[in-house]
Amino acid sequence: MDKYINLFIDSLWPLFKAGLLFAVPLTLISFALGLALALLTALVRLSNIKPLVWMARFYVWVIRGTPLLVQLFIIFYGLPSLGITIGAFPAAIIGFSLSVGAYNSEVIRAAIQSIPQGQWEAADSLGMTRAQILRRIILPQAARVSVPPLSNSFISLVKDTSLAATITVTEMFQRAQQIAASTYEHMLIYCEVALVYLFFSTILSAAQVRVEKYFERYVVR
Amino acid sequence: MIEIRNVQKSFGSLSVLKDISLQVKKGEAVVIIGPSGSGKTTLLRCLNLLEQPTNGSIRIGDAKLHFHEGQSIKRQFLMELRLHTGMVFQSHHLFPHMTAQQNVMEGLVTVQRRTKAEARTTALKLLHKVGLSDKADSYPYQLSGGQQQRVGIARALAMGPDVLLFDEPTSALDPEIVGEVLKVMAELKQEGMTMVVVTHEMQFARSISDRVVFMDQGVVVEEGKPEQIFDHPEQERTKQFLNRLNWL
């Protein structure tokens, strides 16, 4: 029994450190970039510029319709044959951001469309420009509606960062594989890494409650 | 002040306004009455260009626009005309994520580029005018229907319009709080505000208006002084309408 406890304690820090170095930054950076991409895609889809709308739809269609694992392999292993070589970490960032952007563009588009037409008209009647109306009136309200679905996507992303192991990023899951391979304690190590993922996703998603509170200050409870 | 000439509006093949001409003088309160679907709200929305007329022309103050079928007008010109008007909506359309004061400040800060301090002062003055000094920091959901509508009036007034447009401002309110909104409107009239009001409040229409316009099926059927329209309507359709409201 002591053997297992010691192994558990000894491998805890390497796993935790890999989480801090890879899972957390991969999640935060990809989510931030992905959200910006999602907003841009949503706005493009709501515009009336046909070629741009088609491009946005094509992007969402391809990314949602293919496995993230395959996308990561194309970016990291495939692109070099076209002369584009990207490091493992940036390749992971690109893959995750594209994925977050595609899924959440639909969330943001739906949120924007859920804001009543009267809000546009009231702002219009004050003489505000389209950009002003979006920024000052529509997006702040759409943001509130988007928080719960965006949080879902955020937590998924924390766990999806484990896929980066497959493109040589020595993140948490790859560390777990290494430890398991050298100790043959698969059950223990994989349960342990699951716990560490659970820890990080719990901490990171605790922010959701705060964000929701902030947006609900003007809503009847 | 306002001159509407031969305005037509169609939605597809549905003709909602058929050749409307109307004038409103400075300081005048004109009330538009008529059955649902008569086009009165559409006419009001044409005045601040939330709807663009299909044909005809609209002049407000020194801004004038001609409309021709199938021809779109630059947003910049629409804005010029629109800035002469202030709109009060049936269901207020306050911005729910802003306090009463921020609602009134919004146009001043983003459109007129006033400083926050300046806008705040103006907003407080206007909220005082509509009797809501103590509600400046309340969010719309914390206000009653009548209070929300009065904030809506203050928001429209903030832009310093030449004419205020009211689209059934009391239709969504409980009968007992209709009075507080009508009182504010009567005060504005006293101060010489030019107003165009679409309403179903006949008593109020009669007491506040200089002129009443009766519309039905997209045309102006009859217009005149309130006593004339309410007591001695000439047209059969006007009589029918007022009869149905138990007025005659």
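Below, the figures for the structure above:
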{"item": "Test: residue in the range B:93-102 that is in contact (Cβ under 8 Å) with a residue 12 or more places away in the chain, within 12 Å of another protein chain (Cβ to nearest Cβ), assigned to a helix (DSSP H, G or I) and aliphatic (A, V, I, L, M)", "result": "yes"}
{"item": "Qualifying positions in the range B:18-38 - surrounded by 15 or more Cβ atoms within 10 Å (Cβ to Cβ) and farther than 18 Å from B:T199 by Cα", "result": "B:K18, B:I20"}
{"item": "Sole exception among (1) closer than 30 Å to B:G160 by Cα; (2) in contact with a helix residue (DSSP H, G or I) (Cβ under 6 Å, 6 or more places away or on another chain); (3) open to solvent by 30 Å² or more (accessible area, probe 1.4 Å) for A:I133, by number", "result": "(3)"}
{"item": "Some residue of the range B:109-127 being part of a helix (DSSP H, G or I), hydrophobic (A, V, I, L, M, F, W, C) and within 11 Å of chain A (Cβ to nearest Cβ)", "result": "yes"}
{"item": "Residues of the range B:152-170 satisfying the condition of being closer than 20 Å to B:E201 by Cα, within 11 Å of chain A (Cβ to nearest Cβ) and not in a strand (DSSP E or B)", "result": "B:G152"}
{"item": "From the options B:M87, B:M105, residue that is within 25 Å of B:Q147 (Cα to Cα), touching a residue at least 24 places away in the same chain (Cβ under 8 Å) and more than 9 Å from chain A (Cβ to nearest Cβ)", "result": "B:M105"}
{"item": "Count of residues meeting criterion [open to solvent by less than 30 Å² (accessible area, probe 1.4 Å) and farther than 27 Å from A:A102 by Cβ] in the range A:1-37", "result": "3"}
{"item": "Residues (assigned to a loop (DSSP other than H, G, I, E, B) and open to solvent by 50 Å² or more (accessible area, probe 1.4 Å)) located in the range B:132-151", "result": "B:D137"}
{"item": "Evaluation of B:K74 against (1) over 18 Å from B:N48 (Cα atoms); (2) more than 9 Å from chain A (Cβ to nearest Cβ) (one fails), failing number", "result": "(1)"}
{"item": "Residue under evaluation B:M79, criteria (1) in contact (Cβ under 8 Å) with a residue 12 or more places away in the chain; (2) facing chain A (nearest Cβ under 10 Å); (3) surrounded by fewer than 22 Cβ atoms within 10 Å (Cβ to Cβ); (4) under 17 Å from B:V163 (Cα atoms), criterion not met", "result": "(1)"}
{"item": "Residue match in the range A:208-217 (condition: over 19 Å from A:L7 (Cβ atoms), without any contact (Cβ under 8 Å) to a residue 24 or more places away in the chain, open to solvent by less than 40 Å² (accessible area, probe 1.4 Å) and more than 19 Å from the chain's Cα centre (by Cα))", "result": "no"}
{"item": "Which numbered condition A:K17 misses (of (1) at pLDDT below 90; (2) farther than 30 Å from A:I133 by Cα)", "result": "(1)"}
{"item": "Pairs with Cβ under 6 Å, 6+ apart, first in the range B:175-192 and more than 20 Å from B:S91 (Cα to Cα), second surrounded by fewer than 18 Cβ atoms within 10 Å (Cβ to Cβ)", "result": "B:G192/B:G27"}
{"item": "Residue check for B:V88: more than 24 Å from B:T42 (Cβ to Cβ) and within 22 Å of the chain's Cα centre (by Cα)", "result": "no"}
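The values are calculated or read from the model by the stated rules, or taken from the named source; none is laboratory data. All figures in this text were calculated on a predicted structure; none of them were measured in a lab. As a convention, Cβ positions derive from the backbone with ideal geometry for all residues, glycine included, and neighbour counts pool all protein chains shown. Areas reflect the complete protein model, heavy atoms only, side chains present, ligands, DNA and RNA absent. Shrake-Rupley method; radii C 1.70, N 1.55, O 1.52, S 1.80 Å.
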